[in-house]
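What follows is one structure encoded as structure tokens, with my remarks underneath.
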Amino acid sequence: MDHPTESPSPGGPGGEAEESPVGYRVGVVGATGAVGSTILEVLAERDFPADEVVPLASKRSAGKKVAFNGSNLKVRELSDGEIEGFDLILSSAGGSVSSEWAPKLRDAGAVVVDNTSFFRMHDDVPLVVPEVNPEAIDAHHGIVANPNCSTMQMVVALQPIQAAVGIDRLVISTYQSVSGTGNRAIEELRAQSAAILDGKPIPEPEVYPHQVAFNVVPQVETFAGGDDYTTEERKMMGETRKIMGLPEEVGISATCVRVPVFNGHSESINVQTSEDLSPEDCRELLSKAPGIAVVDAPGEGLYPLAIDAAGQDEVLVGRIRRDPSHERCLNLWVVGDNLRKGAATNAVQLAELLVERGLLRGD
């Protein structure tokens, strides 16, 4: 991996560049999980300026090997003795781990990009998607939150519309793959599917409340405290408002569904705009926006598919059409790789943004 000889200006945007040590010391917490392993992959692909990358995980996973940039790295236990000396931490080990360790890692001198839900709605923690609100990262106090995977791909598609004509209301239905839950969910779908296809007894569900193979489950995460909406649906509604700066007057309603797909989240989004926007103008607008690929020739069988989004960092948008029930409503079909742009790629993009804006190493 080639490293630059200079880091971004310590003064942030507009500051004067100074000579500095080569590269950064980067820790990846949760390195053995589905998102953590993808973060390692994306760090290598994007040639992030790291002098050292250290995989960190639980005591149970310590000593395992994980792939990084053509070699295998030994996983270290996340412990008090291992948290010193990092410039940057990319964390995806679950909310309970983040609640305990992110403040410790921050206090030890690192900036933490956290991929769990724990910090996302904290007022003093920026929730950032580079294509949408990059300036929000400037206000960080050592922790930056990575949004929910379904929220992330949606706001990338919606931001150009909001900027051009405004948004009055959103109605969202998601079709979310099992990799969003993690490796155990992937194995559960694989085992159930194999049993059904082989005519064998179906293993009892352990990760999900119901069999997920050959089924559609209208529950993603849990129903907390008697709420009619799941915690995932509440995340989508709250995070979208925070990232895009939408006032309470903008209505947002979400239904999140788990489907038997290994990777790739799909979303049907009904957008009521403040000003009129034709489907043709919407296609042109989105085709020019960063991070989006418009795939919209339905008569030719061309529209976003989860299998086509796999391995891509772009958000795919298609089926752009007028809602016949309202003159200022459009329907969109939005698909993204939930392990990449929905998690790992955005986290690495935030790391790059911290470097570009001179916001690492206490600058």
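Classify the range 78-218 as rounded, prolate or oblate, taking a ≥ b ≥ c as the square roots of the eigenvalues of its Cα gyration tensor: rounded when a/c is under 1.5, otherwise prolate if a/b is larger than b/c and oblate if not. Here the range 78-218 falls in the oblate category.
Sequentially through the range 150-159, phi angles give Karplus couplings (6.51, -1.76, 1.60; θ = phi - 60°) of 5, 4, 4, 5, 5, 5, 4, 6, 8, 4 Hz, Gly and Pro residues having no value and appearing as x.
Using just its DSSP H runs of length 4 or more, each adding -39500 (n - 2.57), the chain gives a mean residue ellipticity at 222 nm of -8000 deg cm²/dmol after division by all residues. For the range 202-354, rounded, prolate or oblate, judged on the Cα gyration tensor with a ≥ b ≥ c (square roots of eigenvalues), a/c < 1.5 rounded, else prolate if a/b > b/c? It is rounded, given that a/c, with a ≥ b ≥ c, falls under 1.5. Taking amide H atoms as placed 1.01 Å from N in the peptide plane, the amide H of ALA50 lies under 5 Å from those of TYR24, each 5 or more residues away in sequence or on another chain.
Just the number, please: percent antiparallel of the DSSP beta bridges in the range 116-258, rounded to the nearest 5.
Bridges in the range 116-258 that DSSP calls antiparallel: roughly 10 percent.
When DSSP assigns beta bridges and you keep just the ones with both residues in the chain, what percent turn out antiparallel, to the nearest 5?
So the antiparallel bridges in the chain amount to around 45 percent.
At an R0 of 35 angstrom, the distance between the Cβ atoms of GLU204 and SER268 translates into a FRET efficiency of 0.65. Amide H to amide H distances under 5 Å link ILE167 with SER274, where only residues 5 or more positions off or on other chains count and H is placed in the peptide plane. Using the 1.4 Å probe convention, the accessible area of the chain works out to 43 Å² per residue with neighbouring protein chains retained. Peptides 77-90, 169-182 ranked from most to least packed by the mean count of surrounding Cβ atoms within 10 Å: 169-182, 77-90. Contact order, relative form, for the chain: 19 percent (alpha carbon pairs under 8 Å, 6 or more residues apart, mean separation divided by residue count). Within the range 45-116, the trypsin sites (Lys or Arg not before Pro) that combine a DSSP coil assignment with at most 16 other C-beta atoms in a 10 angstrom radius are ARG46, LYS59, ARG60, LYS64.
From the Kirkwood radius over Cα pairs of the range 15-143, Stokes-Einstein at 10 °C and 1.306 mPa s returns a whole-number translational diffusion coefficient of 104 µm²/s. Maximal additional length on extending the GLU248-LEU302 stretch stands at 15.8 nm, based on 0.36 nm per residue less the C-alpha distance. In a reduced charge model with +1 at each Lys and Arg Cβ and -1 at each Asp and Glu Cβ, the chain shows a dipole moment near 1140 debye about its Cα centre. Ligands, DNA and RNA left out, the 1.4 Å accessible surface of the range 207-363 is 51% carbon and sulfur atoms. Here the Karplus curve 6.51 cos²θ - 1.76 cosθ + 1.60, taken at θ = phi - 60°, turns the phi angles of the range 31-46 into couplings of 5, 8, x, 4, 6, x, 5, 6, 4, 4, 4, 6, 4, 5, 4, 8 Hz, with x standing for Gly and Pro. Neighbours of ALA57 by Cβ distance under 10 Å: Lys/Arg scored +1, Asp/Glu scored -1, total +3. Backbone amide hydrogens, once placed in the peptide plane, bring ILE292 within less than 5 Å of VAL315, excluding anything fewer than 5 places away on its chain. Take the alpha carbon gyration tensor of the chain, find the square roots of its eigenvalues, order them as a ≥ b ≥ c, and report rounded if a/c is under 1.5; if not, report prolate when a/b exceeds b/c, else oblate. It comes out oblate by the Cα gyration axes. Karplus-based coupling profile of the range 303-320, in residue order and whole Hz: 7, x, 10, 4, 5, 7, 6, 4, x, 9, 9, 6, 8, 8, 10, x, 6, 7, with θ = phi - 60° in 6.51 cos²θ - 1.76 cosθ + 1.60 and x standing for Gly or Pro. Estimate the FRET efficiency between PHE214 and GLU84 by the formula 1/(1 + (r/R0)^6), using the beta-carbon distance for r and 41 Å for R0, to the nearest 0.05. With a Förster radius of 41 Å, E is 0.25.
The values are calculated or read from the model by the stated rules, or taken from the named source; none is laboratory data. Here the structure is a predicted model, which is why all the values come from computation and not from measurement. Reconstructed Cβ throughout: ideal geometry from the backbone, glycine too, with neighbour counts over all protein chains shown. Each accessible area value is taken on the protein alone, full model and side chains, heavy atoms only, with ligands, DNA and RNA left out. Shrake-Rupley method; radii C 1.70, N 1.55, O 1.52, S 1.80 Å.
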